[in-house]
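All remarks here apply to the structure that follows.
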Amino acid sequence: MAAASKKRRSPVSPLQWLTLLIVATFVIVPFYTTALGGFKEIGELRVNPFGLPASWDPVRFVEILGGPRYFSSLGNSLLIALGTVVLSTLIASMTAFALAHIKFFGRNFIMGYLMLGLLFPSATGILPLFIKMRDLGMLDSHWGIIIVQVAFSVSFAVLLFHNFFKELPKELIDAARMDNCGYIRIYWYITLPLCLPIIATVGVFNFVGSWNSFLLPLIVLNSESKYTWPLGIMQFQGQYGSDWPRILAFLTLSIMPAIAFFLLAQRYVISGLTGGAVKG
Amino acid sequence: MTTLSNTANAGASVAPRRWRYVERKSLLPLLLFLPPALILFSLFVVLPMVDAATFSFFNWNGYGPITDFVGLENYADVLTHRNFGTAVRNSLIVVAVSLLIQLPLAMWCAIALAERSVSINVMRTLFFLPFMLAEVAAGLIWKFVYDGNYGLLPAVGSAIGVDMPFVLGDKFWVIPAIMLVITWKYFGFHMMIFIAGLQSIPNEVIEAARLDGVKRWQIVRHIKIPMIRSAIVISVFFAITGALQLFDLIIPLSNGGPSHSSHTIVTFLYQFGILRMKLGFGGAVSVLLFIACVIVALAYRRILFRVEHN
């Protein structure tokens, strides 16, 4: 592949490079000004929008890192995201395993039923969902969010796992069955270790979805101490109004972990998106 | 082995003697593996939609018994609500902007970035970065960019001697402002789908056309774009469903304002159904949204099927 593309004379024309650079500027500028804005004084923002700040005093960053809100809201988000990923991976892979490898009456029906979730976005039923969670005593708890997010993620995760399991060599499962190995042990000792790439894809995908989610925590959580970071940052912005340097510092600190994570895991994010999109 | 293949064919051929609905050995794993997903999915995805449909025929504030049956009144209220029309119009504008600006931009970038090299990889990652960012964070970053007093836009305006309006406080400018953010946030996602499609085109096809002296843009126009039709259908589908569920980005940017001019369907649902605990009204909005989503999804499957088998 690399050799083939080297032979081509110029894969990207000058006109294309020019537009790419313009688009790149358009993408970068908001990030750039946000990152520098945390160091600037408020008056500086207006007179010196693109230049480097007059001083690199990190006072706002230090204050935020030392404050109560930053680490607790990030910690809450991390806890919810990890809980969602672990549970969703486990539950969806078990279901997909049963649907892909065990023959039983009604399995196409169950697959079709679970795929109904791909027809409409989870926000659609959010109001009755709130009532249901209230009646079950799941409001204002991290567990409530985790469980509901797992439910939301089931359709897509089962689809990805199911597609992957069907590709596994059938002989492997049959051989294990001949050796009197039960399905539960086949799932745990044979299938799961073979499907690490798809676990990574589903896991990263659900992690990002949970980390960024806003509507569900907004509706479920009441206590500030339980807020996830998107709620925390909205509240911070509400509290400091237009003290933009402070808000930009908070924003910078909040999105940095996500950007670092994305740069490390982008391969899995992209394969989840395109794999699911193309096969779904 | 024989039992496996027997049960596999059982539905089609004459049922063999040993065939049962479930093999005894697979009963326990099934009872262990299936219920968790089925219960969670039924309870928190399917049942809420059924409830929404039920609520939509009643007048209910969320407390006490549901008794006040009002027939189709809630639907009439939703459809005649003056801000519902605005919300639908805004969602349609999002779809139009996605199809006319965002997807062509994504295609342009994808064609340039479908090759493999280091500089290209850096750019691809950069363009995809806004998509990974939480909507709330993206909304707040752009709220700063647009801020009338300290933001980037007025700073640029005063540098070139133009007085910029407070775009997010202006009933007209708020919509183009939001569209720009949507393009910034999502074009990289569509670009990635197109790149995946372009990379699946066999190299020989392109090479053969090139050796025949076909020009670069003719290759794009007559070979590359037709060959990734299904990626384009997928992209259009995501653009439409994304527009139907747009929420997180709007709340920090404009919160549906000024004077409810920038609502989308879900922010409308949030503002007038959830915050006011009007279950019936909200249920009616949910049902209408659900119907729209199902129509889009079914149309998508049909069109994708036709494109792939053509």
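The numbers here are math on the coordinates, done by the rules we state, and not lab data. Computed from a prediction, not measured in an experiment: that's the story for all the values here. All Cβ positions, glycine included, derive from the backbone under ideal geometry; neighbour counts span all protein chains shown.
The amide H of A:Leu221, built 1.01 Å from its N in the peptide plane, has A:Asp140 as neighbours under 5 Å, considering only residues 5 or more places off or on other chains.
Computed over the Cα atoms, what is the radius of gyration of chain B divided by 2.2 N^0.38 Å, N being its residue count?
Normalised by 2.2 N^0.38 Å, the Cα Rg of chain B equals 1.31.
When chain B is treated as a GNM with alpha-carbon contacts under 10 Å, the residue of B:Leu275, B:Leu40, B:Leu153 showing the greatest mean-square fluctuation is B:Leu40. Projected onto their three principal axes, the Cα atoms of the range B:238-303 cover extents of 39, 28, 16 Å, largest first.
With an 8 Å cut-off on Cα pairs and a minimum separation of 6 or more residues, tell me the relative contact order of chain B in percent.
RCO, chain B: 28 percent.
Dividing the convex hull volume of the alpha carbon atoms of chain A by its residue count gives 200 Å³ per residue. Each distinct pair of alpha carbons in the range B:78-222 adds a 1/r term; the inverse of their mean, the Kirkwood radius, is 18.1 Å. Bridgeable aspartates and glutamates around A:Lys103 (alpha carbons under 14 Å apart, same-chain partners fewer than 8 residues away excluded): A:Asp174, B:Glu23. Lys and Arg at +1, Asp and Glu at -1: add these up for the other residues within a Cβ distance under 11 Å of B:Ile195 and post the number. Counting the neighbours of B:Ile195, the net charge comes to +1.
Under a Gaussian network description of chain A, with springs only between Cα atoms under 10 Å, the residue in A:Phe109, A:Phe26, A:Phe207 that fluctuates furthest is A:Phe26. When chain A is treated as a Gaussian network with alpha carbon springs shorter than 10 Å, the biggest mean-square fluctuation among A:Leu119, A:Leu139, A:Leu216 belongs to A:Leu119.
Model label sites at A:Phe71 and A:Tyr240, defined 7 Å from Cα along the beta-carbon direction, differ in position by 1.9 nm. For the protein assembly as shown, the alpha carbon convex hull comes to 188 Å³ per residue, rounded to a whole number. Listed cross-link partners A:Lys132/B:Lys278; A:Lys40/B:Lys143; A:Lys166/B:Lys185; B:Lys171/B:Lys278; B:Lys185/B:Lys278; A:Lys166/B:Lys224 are compared with a 23 Å cut-off, the Cα-Cα value being larger for A:Lys166/B:Lys185; B:Lys171/B:Lys278; B:Lys185/B:Lys278; A:Lys166/B:Lys224. Backbone geometry of the range A:82-87 corresponds, through the Karplus equation with coefficients 6.51, -1.76 and 1.60 at θ = phi - 60°, to 3J(HN,Hα) couplings of 5, x, 4, 4, 4, 5 Hz, x marking Gly and Pro.
In this structure, the amide hydrogen of B:Leu249, modeled 1.01 Å from its nitrogen in the peptide plane, lies closer than 5 angstrom to no residue at least 5 positions away or on a different chain.
Per-residue ellipticity at 222 nm for the protein assembly as shown, helices alone: DSSP H runs ≥ 4 residues times -39500 (n - 2.57), over residue total, nearest 500 deg cm²/dmol?
Using -39500 (n - 2.57) per qualifying helix, the result is -21500 deg cm²/dmol.
Modelled spin labels at B:Glu207 and A:Leu264, positioned 7 Å past Cα toward Cβ, are 3.9 nm from each other.
Would you calculate the convex hull of the Cα atoms in the range A:180-263 and tell me its volume per residue in Å³?
Values: hull volume 10.9 nm³, N = 84.
That works out to 130 Å³ per residue.
Close amide H partners of B:Phe58, meaning residues 5 or more places away or on another chain with modelled amide H under 5 Å apart, are B:Val70. 3J(HN,Hα) couplings calculated from phi for the range B:92-98 with the Karplus curve 6.51 cos²θ - 1.76 cosθ + 1.60 (θ = phi - 60°) are, in sequence order, 5, 5, 4, 4, 4, 5, 4 Hz; Gly and Pro show x.
Got a sec? Which residues in the range B:185-200 would a label at B:Met227 touch, if it sits 7 Å along Cα→Cβ and we count backbone N under 19 Å? Label zone hits: B:191-200.
Sorted fewest first by neighbouring Cβ atoms within 10 angstrom, B:Glu73, B:Glu135, A:Glu167 come out as A:Glu167, B:Glu73, B:Glu135.
Rank these for me by crowding, B:Thr80, B:Thr86, A:Thr84, going from fewest to most other beta carbons within 10 Å.
Starting with the residue having the fewest Cβ neighbours, the order is B:Thr80, B:Thr86, A:Thr84.
For chain A, relative contact order (Cα pairs under 8 Å, six or more residues apart, normalised by length) works out to 32 percent. Computed from the C-beta positions of A:Asp57 and B:His81, the FRET efficiency with R₀ = 45 Å rounds to 0.35. Computing Rg and the Kirkwood Rh from the Cα coordinates of the range B:156-220 gives a ratio, Rg/Rh, of 1.32. Note that the range A:64-75 has calculated 3J(HN,Hα) couplings of 5, 5, x, x, x, 7, 4, 5, 5, 6, 5, x Hz, one per residue in order, obtained from phi through the Karplus relation 6.51 cos²θ - 1.76 cosθ + 1.60 (θ = phi - 60°); glycine and proline are x.
For A:Trp143 and B:Leu275, a Förster radius of 22 Å and the Cβ-Cβ distance give a FRET efficiency of 0.35, rounded to the nearest 0.05.
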